[in-house]
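The values are calculated or read from the model by the stated rules, or taken from the named source; none is laboratory data. These numbers were taken from a predicted model, which means no experiment stands behind them. With ideal geometry, Cβ positions are generated from the backbone for all residues, glycine too; neighbour counts draw on all protein chains shown. Surface areas here come from the heavy atoms of the whole protein model, side chains and all, with no ligands, DNA or RNA. Shrake-Rupley method; radii C 1.70, N 1.55, O 1.52, S 1.80 Å.
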Amino acid sequence: MYRNPTNGCPHPPGAMFARWRSPFSVWLAAFLLLGAASCWGLLAQAPALSRFEMTRSEEGLLLDVAVRFDLSQAVEEALHKGVPLYFVADASLYHDRRYWRDRRIASASRTWRLSYQPLTRSYRVSFGGLSQSFDNLNEAVTTVSRIGSWKLADPGQISDNEALYVEFSYKLDTGMLPRAMQIGIGGQPDWNLLIEKTQRVNGP
């Protein structure tokens, strides 16, 4: 005599669990996708060099640099409350010596000041005594994150017989913020924007 394996139960074994598991699986999958998207967003926002090229020409050693980064919400809020931001790029050319301390041949530095103008709702970038206004923050950030044909050394400072390398850094200089604010943001990752790179100089 054939017996129903369900023993009279209206639902087969595991059916109730399957019905409970199905929405749980959907929820779990959505949670994992959301977490993956969040992690990807964090990775996409990490500061990075999108361009770093050195050119030896009749003018000397030139650098072309482009930095990619997003300002954190805390930094944007401070900017919109009237706190100017300072971005600094430093580059140094060294002679790599085997038995002696490496000799610095030349160095250069650039500082940009980014501020918000509440009356016009615009952003102003100041550099070297000049200033330019922008309607949106993205355009202003693009301006402070790119350097074209930046002269690092004169032709006479570069020798084909020497091993040369360049040390470069770009940062949001919190040391130029108001003193009280420096103490308040100490150790906060939202304000840590630093990129460093070392690269050898190729021959002509």
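Order the peptides 166-173, 130-137, 97-104, 72-79 from the highest to the lowest mean number of other Cβ atoms within 10 Å of their residues.
On the way: 166-173: 18.9, 130-137: 12.0, 97-104: 9.0, 72-79: 15.5.
The densest-packed peptide leads the list: 166-173, 72-79, 130-137, 97-104.
Within the shell of other residues whose beta carbon sits under 15 angstrom from the beta carbon of Pro155, the net charge comes to -3, with Lys and Arg scored +1 and Asp and Glu -1. Taking 0.890 mPa s as the viscosity and 25 °C as the temperature, the Stokes-Einstein diffusion coefficient of segment 91-204 based on its alpha-carbon Kirkwood radius rounds to 144 µm²/s.
How many percent of the accessible area of segment 44-154 is carbon or sulfur, using a 1.4 Å probe? The computed percentage sits at 42. Excluding same-chain neighbours fewer than eight residues apart, the lysines reachable from Lys81 by a Cα-Cα span under 28 Å are Lys171.
Taking other residues whose beta carbon is less than 15 angstrom from the beta carbon of Phe87, and scoring Lys, Arg as +1 and Asp, Glu as -1, yields 0.
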